[in-house]
Amino acid sequence: MGLHTIRDEGGANRLMGEERLTPAARAARLEVLKHAAQPVVTPSLLSCDFARVAEELEALKRAGTVAVHLDVMDGHFVPNLTFGAPLIKHWRPWTDFPFDTHLMMSDPARYLDDFVGAGCDVITFHIEAVPDPVPLLRRIRAAGCQAGLSLNPPTPVSAVVPFLDELDVVLVMSVMPGFGGQTFEPSVLEKVRALRAARPELRISIDGGINPTTVAEAVAAGVTQLVAGSAVFRTDGNYAAALAELVQGARRGSE
Ligand code: DX5
Ligand code: ZN
């Protein structure tokens with residue numbers, strides 16, 4: 001459904017949008033994520049054309065995407081600004097994709113209710129910003145969302161290990177967060193291996209510099225979710241080919 005359709009059928013689509021904000025709708029979206037082929041590629045909208053988000057979401061759907069990654073930056077925790085809950089709420093009626101939301105914010109607790117209300121499904125924040133993360137992880141889960149903790153490349157894995165029972169996903173940053181298109185930092189794979197050893201069933205996501213080559217190393221180390229921005233939104237617009245190359249790389253890693 002594009003922007004045009006939304007304007008033409010305003011009433012019907014607003015209704016659909018409200019349905020997509022209910023706990024049942026959220027549970028259904030999260031179910032999709034659970035049953036997705038592993039490892040799952042979650043394109044980061046950070047690299048999409050923000051003037052055409054509805055069309056970009058449709059193009060990702062046609063290309064076989066099952067969920068998207070939303071990078072929220074506050075200009076304080078990271079030296080860049082993107083978008084917040086009001087825009088996410090606007091996008092929610094346009095797609096059934098689970099919204100895997102990565103809060104690069106100094107004070108995620110302050111805005112949590114807004115992100116839940118906007119229709120986010122997975123909500124991940126940074127251990128560097130919230131050193132005592134249990135209350136916030138519990139609030140996220142109590143809202144019916146999946147909770148995640150992320151750690152920057154310099155942060156040791158021991159910073160998140162005490163909280164593994166309280167979360168659904170660990171997001172290992174393989175670049176310093178703030179910008180797309182940076183170079184993958186392979187040393188973070190040690191942390192992935194440690195997490196995988198500690199929790200064979202844990203969803204481990206990696207974010208930053210993922211491309212058809214680095215994806216193989218990440219999957220070999222134990223990653224099960226691959227966030228990719230610039231590798232998906234290529235200038236030729238062939239997102240299906242981009243996803244296929246990432247999946248092919250991932251297969252090499254799991255052999
Ligand atoms: C970086 C963001 C990433 C980013 C990845 O701060 O958290 O999600 O979009 O972009 P690429 O895949 O281009 O490194
Ligand atoms: Zn991200």
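The values are calculated or read from the model by the stated rules, or taken from the named source; none is laboratory data. Note that the coordinates shown come from a computational prediction; the quantities given were computed from them, not determined experimentally. Heads up, the Cβs are rebuilt from the backbone with ideal geometry, glycines too, and the neighbour counts pull from every protein chain shown. Note: areas computed on protein heavy atoms with side chains; ligands, DNA, RNA excluded. Shrake-Rupley method; radii C 1.70, N 1.55, O 1.52, S 1.80 Å.
Results, tabulated for the structure shown:
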| read-out | value |
| --- | --- |
| Value of relative contact order over segment 59-168, rounded to a whole percent, pairs C-alpha under 8 Å and six or more apart | 22 percent |
| For segment 175-255, with +1 on Lys and Arg beta carbons and -1 on Asp and Glu, the positive-most of T183, A240, A221 along the dipole | A221 |
| Whole-number percent relative contact order across segment 106-226, with pairs defined as alpha carbons under 8 Å at least 6 apart | 20 percent |
| Heavy atoms of K61: accessible area, 1.4 Å probe, square angstrom to 10 | 120 Å² |
| Stretchable slack from E19 to D113, in nm (0.36 nm times residue separation minus alpha-carbon distance) | 32.0 nm |
| Average Cα contact separation per residue, the chain, under 8 Å, 6 or more apart, as relative contact order % | 18 percent |
| Whether the chain is rounded, prolate or oblate, judged on the alpha carbon gyration tensor where a/c under 1.5 counts as rounded | oblate |
| Highest-fluctuation residue, S106, S158, S205 considered, GNM on the chain with Cα pairs under 10 Å | S158 |
| Heavy-atom accessible surface of the chain: percent carbon and sulfur, 1.4 Å | 55 percent |
| Solvent-accessible area per residue for segment 60-193 (1.4 angstrom probe, square angstrom) | 39 Å² |
| Extension gain (nm, one decimal) between N80 and D49, 0.36 nm per residue minus Cα-Cα | 9.4 nm |
